[in-house]
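Here the structure is laid out as structure tokens; the discussion comes afterwards.
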Amino acid sequence: MRHLLSIDDLSVDAIAEIFETAADMHDVQRREVKKLPALRGRTVINMFFEDSTRTRSSFEIAGKWLSADVINISAKGSSASKGESLRDTVLTVCAMGVDGLVIRHPASGAAQQVSQWVDAVVVNAGDGMHEHPTQALLDAYTLQRRLGSLEGRHVVLVGDLTHSRVFRSNVLCLTKLGARVTVVAPPTLMPAGIAAWSAAAGFETSYDLDAVLPHADAVMMLRVQRERMSGGYFPSAREYTVGYGLTRDRLATLKPDAPICHPGPMNRGLEIAADAADAAQSVVLEQVSSGLAVRMSVLYHLLAGEES
Amino acid sequence: MGLVITGASLLGEKTGDLYVDDAGRLVDEAPAGAEVLDADGLVALPGLVDLHTHLREPGREDAETILTGSRAAAVGGYTAVLAMANTSPVTDTAEAALRVLDLGREAGLVDVQPVGAVTRGLAGEELAELGLMARSRARVRVFSDDGKCVHDARVMRRALEYVKAFGGVVSQHAQDPTLAGPTSCCHEGELSGRLGLPGWPGIAEEVIVARDVMLARHTGSRVHVAHVSTAGSVEVIRWAKAQGIDVTAEVTPHHLLLTTDLLTGYDPTYKVNPPLRPQEDVDALREALADGTIDAVATDHAPHARHDKEHAFVDAAFGMLGLETALGVVRTALPDLSWARVAQVMSTTPARIAGLADHGSLALGSPAHVTLVDPAASVTVDRAASVSLSRNNPWHGRKLVSRVVHTVYGGRPTVRDGVLV
């Protein structure tokens, strides 16, 4: 693995290795001195073409705890609108001597394109609606810590699938790890061609959350952006919550030991009720600390072995 | 002086010589002292006519000019091209059209026939000065807002009615903007779902094609569908023709050979509008071209400067080169299409649709616009070898069947042995 662009880049063994290292990194977080020398002398640039607080700071801390020099560059607004091509933008940054480029971009495929232009190791921190591989890894890592092996376990993803890179990476990762996956959304928030895709990739789809939820071993609520209403994807927030929210009533139908995940930021009251977000079975904050461990592990595997 | 073209097989059928007099017309006997062009083993076609070319001048002379685009056309076997109106400024006045016409004449390699905009500034609201463009020395007959759809039904209706006065035709870029907006860049289907690219559903084309054939029927006017890309559009056009509606349609070479799965690597070289479609659509388009439902092959040659393609996929420019490779792509996609049918769809019918009386025929008395093709050759495309100013060439590295050897424009070779004269 030279870059991490998609979950498709990872074999089951590679994922297991990342998780094994992540468990060690998790222990580091509990130390008083949270610093390992692994990436000393390495430079990692977090290049974010889109706003992000949690992912960017997670990568930043992960790099720093591994002793890398971490620099954040905010390049919001498409480079197209500024008249500079994406290629020129990233080549300029990489000309400064960069070992790792963590890239977040509003356009699907951007990380993959960039990886063809630069010598640096590229980590996809979210490309448009396409993928967010470290999010899927941290989700699976969190679930494994709760459930043990994911083989045969039933994971339910609910929300705006069309626009969600978290969904796309998770469906790849979870099926790869042997989980049974059901995705639930209103028809207007399901990507085009999902019937053929799900049949080929071996996951299930449903419009009916109430029918699916009681059989879930874990549930993952996806963020629903309020802007989607004006796009006509659904009539109102209220109607969405009634159909697809993890409400207090629905929480009662969920197995009591089934973890509740959310990649954040949460719209409390829209896709997830406060009772669910704060329930004992909610792993939302654990996802954050797992995220750090997984990102440390990913940076370590991609950058520590390399000759400078 | 004159010219004698010896040994070519006319439309792939009987072999004979072609004679060109001093005035550049086809005649029935060799003029004294004529230059000889050896075409032994080659197929002679009437010079190719492209209904759909973007030459980028004025406005983006870094991507292509009327001269460099004319060179690409000649190398591809073309003797006439219709230059689309979406330049900067837009070809929406007689003055703008005349400038394109005259720059084409100055280049002197093909007839560059300007297409006029349907609406002022391609804004889709007010009609451009269609009549003044038609009455000008440029004799504009084809009108198109190509790049944008004339989406307002009332504007489209008025345009169709208005051009009847001078035998014009509206060439529609069929894309309902509410179903496929400006960011839509990947055929909507399983792949767009997986890749997370904004989908461009076939239905966005089909609803406009369906609406426009009904408007053509209602107005008794003539409509031309640019770059048809889906099986559904083919069905509608087939139905409309059966009703006697005056509709013609073109397909691009790339929609006859390339499919949407090329987008898997997010390479903007394959970003084009309308997008590449799945194999089922490609099959339907090939069948429609063979059976006459689709009338013409048109390149939609769309040069772009390299930096306009080096953005993230959704931000990169739409379009691909096509002039130099069109004939080879058609031969590769439809190897069983007869040369006579190739001549129809790439020369005779486009010339008729565009009202170019001097093109599309090898009949005696016609201007000698002749394309000579080696049917047995094959060419591996090298984008660096292109005479276009741009390099957004989706055919790079592909082997295409047949090769344009000579192009004769008005009795004068513009290309000899594959090289510009």
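The values are calculated or read from the model by the stated rules, or taken from the named source; none is laboratory data. Quick caveat, the model's predicted, so the values are computed rather than measured. A quick note on method: Cβ atoms are made from the backbone with ideal geometry, for glycine too, and the neighbour counts reach across all protein chains shown.
Of the residues making up region A:195-206, not a single one is buried (at least 18 other Cβ atoms within 10 Å of the Cβ), within 17 Å of A:A276 (Cβ to Cβ), among the hydrophobic types (A, V, I, L, M, F, W, C) and at pLDDT 95 or above.
Considering only region A:277-288, I want to know if a residue exists there that is of a type in the set (G, A, S), farther than 28 Å from A:S52 by Cβ, surrounded by fewer than 14 Cβ atoms within 10 Å (Cβ to Cβ) and more than 23 Å from the chain's Cα centre (by Cα). No; the residues of region A:277-288 include none that is of a type in the set (G, A, S), farther than 28 Å from A:S52 by Cβ, surrounded by fewer than 14 Cβ atoms within 10 Å (Cβ to Cβ) and more than 23 Å from the chain's Cα centre (by Cα). For B:P268, are the conditions met, namely being modelled with pLDDT of 95 or more, surrounded by fewer than 24 Cβ atoms within 10 Å (Cβ to Cβ), within 14 Å of chain A (Cβ to nearest Cβ) and closer than 30 Å to A:M129 by Cα? No. Here the helices (runs of 4 or more DSSP H) wholly within region B:291-399 that include at least 2 residues being away from chain A (no Cβ under 14 Å) and touching a residue at least 60 places away in the same chain (Cβ under 8 Å) are B:326-333, B:339-343, B:349-354.
Let's see how each residue does on (1) in contact with a Phe, Trp or Tyr (Cβ under 7 Å, 6 or more places away or on another chain); (2) at pLDDT 95 or above:
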{"residue": "A:A22", "(1), (2)": "yes, yes"}
{"residue": "A:L36", "(1), (2)": "yes, no"}
{"residue": "A:E50", "(1), (2)": "no, no"}
{"residue": "A:R56", "(1), (2)": "yes, yes"}
{"residue": "A:I61", "(1), (2)": "no, yes"}
{"residue": "A:D69", "(1), (2)": "no, yes"}
{"residue": "A:S74", "(1), (2)": "yes, no"}
{"residue": "A:V98", "(1), (2)": "no, yes"}
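Please work out which residue is farthest from B:V118 (Cα to Cα), limiting yourself to region B:156-169 and to residues that are touching a Ser or Thr at 6+ places or on another chain (Cβ under 7 Å) and crowded, with 17+ Cβ neighbours inside 10 Å. Of everything passing the filter in region B:156-169, B:R157 is farthest from B:V118 (Cα to Cα).
The sole residue among B:A204, B:A165 that is within 14 Å of chain A (Cβ to nearest Cβ), touching a residue at least 12 places away in the same chain (Cβ under 8 Å) and not in a loop (DSSP other than H, G, I, E, B) is B:A204.
Among the residues of region B:180-200, those that are assigned to a loop (DSSP other than H, G, I, E, B), facing chain A (nearest Cβ under 7 Å) and in contact (Cβ under 8 Å) with a residue 12 or more places away in the chain comprise B:E188, B:G189, B:L197. Checking region A:79-89 against the condition returns a match, with at least one residue being free of Cβ contacts under 8 Å to residues at least 40 places away in the same chain, of a type in the set (V, I, T) and within 14 Å of chain B (Cβ to nearest Cβ).
Checking each residue in region B:184-208 for being buried (at least 24 other Cβ atoms within 10 Å of the Cβ) and among the β-branched types (V, I, T) picks out only B:I208.
Listed by position, the helices (runs of 4 or more DSSP H) inside region A:1-94 whose residues that are closer than 25 Å to A:D139 by Cα number at least 2 are A:12-29, A:54-65.
Has region B:218-228 got any residue that is under 27 Å from B:L400 (Cβ atoms), within 14 Å of another protein chain (Cβ to nearest Cβ) and either surrounded by 24 or more Cβ atoms within 10 Å (Cβ to Cβ) or hydroxyl-bearing (S, T, Y) (or both)? No, region B:218-228 has no match at all. If you go through region B:357-395 and keep only what is under 22 Å from B:A44 (Cα atoms), hydrophobic (A, V, I, L, M, F, W, C) and buried (at least 22 other Cβ atoms within 10 Å of the Cβ), you end up with B:A368, B:V370, B:L372, B:V373. Filtering region A:90-104 to residues that are in contact with a helix residue (DSSP H, G or I) (Cβ under 6 Å, 6 or more places away or on another chain) and within 13 Å of another protein chain (Cβ to nearest Cβ) leaves A:V90, A:I103.
Just one of the listed residues (B:R137, B:R157) is within 24 Å of the chain's Cα centre (by Cα) and either away from chain A (no Cβ under 14 Å) or of a type outside the set (S, T, Y) (or both), and it is B:R137.
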